[in-house]
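Here the structure comes first, spelled out in structure tokens, and everything after it is commentary.
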Amino acid sequence: MNDIQAAPRAAAGARPPAWIEFLGALLRPWLRIRREPADAARLVPDDATPTVYVVERYGLSDTLILEQACKEAGLPSPYTAAGKLPIKRRSAVVALSRRPRAFGRRPHPTRSETLSLLADAVRADPAVDVRLVPVSIFVGRAPDRESGWFSVLFSENWVVVGRFRRLLALLLNGRDTIVQFAAPVSMREAIRDQVDLEPERGVRKLQRLLRVHFHRIRVVVIGPDLSHRRTVVDALLNTDPVRAAIEATASKENISPAKARERARRYAMEIAADYSHPVVRSISFMLKAFWNKLYDGVEVHHFDTLRNVAPGHEVIFVPCHRSHVDYLLLSYQLLVHGVAIPHIGAGINLNMPVIGPILRRGSAFFLRRTFKGDTLYSTVFREYISQLFARGVSLEYFIEGGRSRTGRLLAPRGGMLSMTLRSFLRESRRPVVFQPVYIGYEKIMEGDAYIGELSGKPKEKESLLGFFRGFKALRQHYGRVAVNFGEPIFLRPLLDDVASDWETATADPEAKPEWLNRAVDKLATRILENVNRAAHVNPINLLAVSLLPTPKHAMTEADLAAQIDLGKALLADLPYSNRVTITELSAAEIIAYGEKMEWIQRVAHPLGDVLSVDEKSGVLLSYFRNNVAHLFATAAWVACCFLNNRRMARASILRLGRLVYPFIQSELFLPWSDEEFTQRIQATIDFFIARGLLGADADGRVITRSPGQSDAAFRLRALARNLLPAIERYYIGLALLVKNGPHTLSGGELETLCSLTAQRLSLLHELNAPEFFDRSLFRGFIQKLRERRVIRADENGKLVFDAELNTVAKDARVILSREIRHGILKLTPEKQAELTRSTGEEAKPA
């Protein structure tokens with residue numbers, strides 16, 4: 001069938017002129033074309049409808065590149081396709097703009113005569129149609145290991161270059177050529193709605209639509225055409241909000257307007273990026289060697305999602321934040337996949353000598369950790385974001401605020417999202433889409449620093465000396481990295497859900513619609529949920545989930561392999577989402593890989609080898625367990641129900657699951673409703689029964705597990721202990737409330753006592769999970785108690801609660817053993833004694 005369809009393409013029309021074939025043969029060794037899409041031939045059916053390729057600008061080099069790309073893709077040659085045209089032409093190529101000729105009649109610079117004649121032919125004969133295929137050609141877009149430093153000067157940009165410069169670009173960057181074929185457009189369909197227009201006006205309208213298409217593609221691939229940084233700053237200082245803020249600052253601080261304006265200029269220069277395409281290309285050239293030195297490879301999944309939505313949209317990239325490498329990694333992957341790198345929000349701590357200017361020219365803009373107390377800075381920054389919006393610049397920022405030290409997603413900070421939404425309300429020229437990105441590592445450079453910070457050491461300030469000291473990390477091996485693109489979030493539908501009248505919001509930059517905070521909260525939660533939905537499960541994640549729950553972080557090889565297989569089966573049979581990716585390695589290969597990466601050690605023994613993790617590696621591995629804790633949350637909950645119970649009613653498992661789910665959901669950013677979580681519990685119970693880990697009575701109402709010494713019970717315990725620390729944290733909070741009684745503790749005091757109690761418990765029981773006493777997790781738990789009206793504040797700010805809280809605390813006995821519950825109750829202090837001890841004060845007598 002394929003051979004029959006391909007024959008007419010080869011037979012129709014004429015061959016290219018000999019001189020075109022000759023020049024094509026000369027150019028071919030200098031060309032390496034990446035087609036997008038790779039299977040471009042499927043876009044053009046092999047039928048009687050003539051095909052015309054539309055290019056943005058005329059050039060001999062583009063004609064040769066198009067000829068070669070069509071040949072490689074199995075598409076009809078521009079010269080072959082000309083034989084089917086309803087008008088006489090040497091090639092089936094239309095250029096929307098042309099260079100002036102040195103001799104002869106000068107062509108119109110922006111109107112295509114061929115397009116006009118084709119439109120006339122289609123109008124004249126109802127049986128005639130022409131298929132227009134827009135083709136975008138970029139030379140020198142993607143970095144390559146053969147690229148030289150000189151090559152970056154001749155890479156693709158917005159400037160229309162001369163013939164000599166184009167020749168140099170081909171010689172230097174021809175092996176980095178991208179040819180993008182767009183979906184065909186029927187000329188008859190395109191001009192059908194233009195019956196009321198004069199023929200020539202109709203063609204001009206069609207050309208405008210095609211130019212808009214080429215502009216959108218160029219923005220996606222090259223990035224927007226940006227003015228000089230000083231031009232951007234000058235425009236920024238002349239906006240009404242900044243001018244008003246300058247006047248207010250001058251009046252408030254009793255300084256001259258000129259001095260206040262100079263301060264605003266300094267703020268703007270401190271913030272603004274100074275994008276340089278040669279610098280970006282140079283950095284990409286260096287990063288090629290950097291990735292090859294540090295990593296075995298970078299896996300990119302679901303990139304087609306971004307490629308489909310990016311044209312015509314303002315794209316905001318919102319990745320999770322695990323390492324300083326995140327900035328470079330995502331930008332580099334966008335660059336090599338043919339998408340312009342966004343302007344990246346970076347902390348002001350990175351604006352250090354040497355490094356800061358390089359990052360700034362690599363599209364970074366800088367922001368302070370807090371804007372409080374400086375209205376002028378806040379206004380300048382907000383207006384800068386609006387300027388970027390107005391210019392169609394894509395953005396990237398981390399809504400978690402900082403790098404995660406525990407491997408979990410951090411609670412979102414809404415500042416940048418709020419500014420983005422307010423900018424959209426003022427500059428909503430293009431629809432906005434948020435692109436969540438999951439970045440997964442097998443080893444992180446900052447591991448030792450994270451351990452120190454979680455142990456109480458102060459965070460080391462970024463410095464140039466620290467940067468150069470970091471080069472010693474190049475001696476280590478970091479395995480593979482995964483970059484997964486999550487489900488995009490379109491802003492307009494989300495705003496429609498929050499406030500149906502959002503489009504009537506005022507364009508006043510100082511105004512904050514009453515629904516704005518709700519929209520920011522919903523958007524932030526959706527972003528983190530979609531990041532989690534795009535997780536990648538690598539071998540180190542599976543080793544951490546399987547090994548760390550054991551008391552000494554050790555297992556026999558057979559047990560470890562079985563536990564890894566159970567984890568992979570759970571992910572495959574009960575998929576979290578269709579974007580989660582899982583390593584293809586077998587359990588034996590994962591164990592061997594863990595040994596190669598020096599995460600686990602093998603202890604030989606006559607009865608079977610034991611695989612273990614040392615103390616330091618155990619703490620670091622908890623980071624990688626936390627990366628994927630959400631994927632195993634439901635299974636871990638069901639397993640928790642059988643830690644201290646041989647039999648349990650299915651209804652009780654579901655009831656307790658609904659009770660604890662809001663807190664787990666808030667902590668792990670789980671995406672399901674209460675009803676969906678209940679259905680997932682049901683499916684997980686059935687999964688365990690099918691694999692023999694649980695049993696059930698005849699009607700399936702009572703669920704049972706095997707005796708505690710069985711392999712099945714061992715597997716369930718290992719799963720359960722991945723979630724058990726969270727249940728223990730919740731019990732600490734409830735126990736402290738009940739022990740101290742209502743009207744005693746404020747929210748801040750409860751948070752402090754919870755953290756101190758968890759810290760003491762971890763010391764006594766050797767809990768090797770630094771996040772166990774993380775204050776932010778207790779803060780989130782207390783906030784969720786407030787939201788669900790379990791606790792509330794009295795007129796003095798002290799927490800009050802109903803007797804129902806005692807019942808909830810008693811339910812913990814189903815999950816937690818008596819030893820753990822008594823240990824927690826023994827360690828939970830009363831307010832006065834512990835708070836005075838923690839501040840070093842003597843307790844005063846009542």
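Against the test of being within 30 Å of L799 (Cβ to Cβ) and open to solvent by 20 Å² or more (accessible area, probe 1.4 Å), the options P725, P707 yield a single qualifying residue, P725. Evaluated against (1) closer than 21 Å to G440 by Cβ; (2) open to solvent by less than 20 Å² (accessible area, probe 1.4 Å); (3) touching a residue at least 40 places away in the same chain (Cβ under 8 Å), L334 falls short on exactly one condition, (3). Beta carbons closer than 6 Å, at least 6 apart along the sequence or on distinct chains, pair a first residue in the range 26-44 that is within 28 Å of L167 (Cβ to Cβ) and open to solvent by 80 Å² or more (accessible area, probe 1.4 Å) with a second that is outside any helix (DSSP H, G or I) and not small (G, A, S) for R34/I178.
Is the range 777-793 home to any residue that is closer than 28 Å to R518 by Cα, touching a residue at least 24 places away in the same chain (Cβ under 8 Å) and in a strand (DSSP E or B)? Taking every residue of the range 777-793 in turn, at least one turns out to be closer than 28 Å to R518 by Cα, touching a residue at least 24 places away in the same chain (Cβ under 8 Å) and in a strand (DSSP E or B). Of all residues in the range 130-164, those satisfying the criterion of being modelled with pLDDT of 65 or more and either out of contact with any strand residue (DSSP E or B) (no Cβ under 6 Å at 6 or more places or on another chain) or in a strand (DSSP E or B) (or both) are R131, L132, V133, P134, V135, S136, I137, F138, V139, G140. One residue alone among G401, G452, G447, G407 is open to solvent by 20 Å² or more (accessible area, probe 1.4 Å), closer than 21 Å to S323 by Cα, at pLDDT below 90 and not hydrophobic (A, V, I, L, M, F, W, C), and that residue is G401.
Here the range 351-368 is the region considered, the condition is being more than 14 Å from I283 (Cα to Cα) and under 21 Å from the mean Cα position of the chain (by Cα), and the residue that is surrounded by the most Cβ atoms within 10 Å (Cβ to Cβ) is F365. Those helices (runs of 4 or more DSSP H) of the range 473-557 in which 3 or more residues are among the charged types (D, E, K, R) occupy 491-498, 516-533.
Is it the case that some residue within the range 476-496 is closer than 25 Å to W599 by Cβ, at pLDDT below 80 and open to solvent by 20 Å² or more (accessible area, probe 1.4 Å)?
Yes; the residues of the range 476-496 include at least one that is closer than 25 Å to W599 by Cβ, at pLDDT below 80 and open to solvent by 20 Å² or more (accessible area, probe 1.4 Å).
Any chance you could count how many residues in the range 558-584 are assigned to a helix (DSSP H, G or I), without any contact (Cβ under 8 Å) to a residue 40 or more places away in the chain and either polar (S, T, N, Q) or within 15 Å of A718 (Cα to Cα) (or both)? Of the residues in that region, 4 qualify. Beta carbons closer than 8 Å, at least 6 apart along the sequence or on distinct chains, never pair a first residue in the range 292-309 that is over 15 Å from L330 (Cα atoms) and free of Cβ contacts under 8 Å to residues at least 60 places away in the same chain with a second that is open to solvent by 40 Å² or more (accessible area, probe 1.4 Å) and hydroxyl-bearing (S, T, Y). One residue stands out among those in the range 102-123 that are in a helix (DSSP H, G or I) and either β-branched (V, I, T) or modelled with pLDDT under 80 (or both): the one that is least open to solvent (accessible area, probe 1.4 Å), which is V122.
Would you confirm, using the coordinates I've provided, whether L75 is part of a loop (DSSP other than H, G, I, E, B), modelled with pLDDT of 85 or more and open to solvent by less than 30 Å² (accessible area, probe 1.4 Å)? Yes.
Hey, can you tell me all the residues within the range 45-69 that are open to solvent by 30 Å² or more (accessible area, probe 1.4 Å) and not small (G, A, S)?
Residues satisfying the conditions are P45, D46, D47, T49, E56, R57, Y58, L60, E67.
Taking the range 804-816 as the range and being open to solvent by 30 Å² or more (accessible area, probe 1.4 Å) and farther than 11 Å from L737 by Cα as the test, the residues that pass are E804, T807, V808, K810, D811, R813, V814.
Within the range 680-731, can you find the residues that are of a type in the set (D, E) and free of Cβ contacts under 8 Å to residues at least 60 places away in the same chain?
Result: D686, D697, D699.
Could you check the range 181-205 and list, in sequence order, the residues that are open to solvent by less than 30 Å² (accessible area, probe 1.4 Å), at pLDDT 80 or above and either of a type outside the set (F, W, Y) or part of a helix (DSSP H, G or I) (or both)? A182, M187, A190, V203 - these are the residues of the range 181-205 that are open to solvent by less than 30 Å² (accessible area, probe 1.4 Å), at pLDDT 80 or above and either of a type outside the set (F, W, Y) or part of a helix (DSSP H, G or I) (or both). In the range 283-306, the condition of being touching a Ser or Thr at 6+ places or on another chain (Cβ under 7 Å) and of a type in the set (D, E, K, R) is met by no residue. Remark: G223 falls outside the filter, which requires a residue to be at pLDDT below 85, touching a helix residue (DSSP H, G or I) at 6+ places or on another chain (Cβ under 7 Å), small (G, A, S) and open to solvent by less than 10 Å² (accessible area, probe 1.4 Å).
Results for (1) of a type in the set (D, E); (2) over 30 Å from A524 (Cβ atoms), shown as yes or no for each residue.
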residue: E595; (1), (2): yes, yes
residue: A604; (1), (2): no, yes
residue: C641; (1), (2): no, yes
residue: R647; (1), (2): no, yes
residue: R650; (1), (2): no, yes
residue: L668; (1), (2): no, no
residue: F677; (1), (2): no, no
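Residues that are modelled with pLDDT under 80, touching a helix residue (DSSP H, G or I) at 6+ places or on another chain (Cβ under 7 Å) and under 25 Å from F642 (Cα atoms) do not occur anywhere in the range 836-846.
The values are calculated or read from the model by the stated rules, or taken from the named source; none is laboratory data. Here the structure is a predicted model, which is why all the values come from computation and not from measurement. Neighbour counts are summed over all protein chains in view; Cβ atoms, including those assigned to glycine, are modelled from backbone coordinates with ideal geometry. Each accessible area value is taken on the protein alone, full model and side chains, heavy atoms only, with ligands, DNA and RNA left out. Shrake-Rupley method; radii C 1.70, N 1.55, O 1.52, S 1.80 Å.
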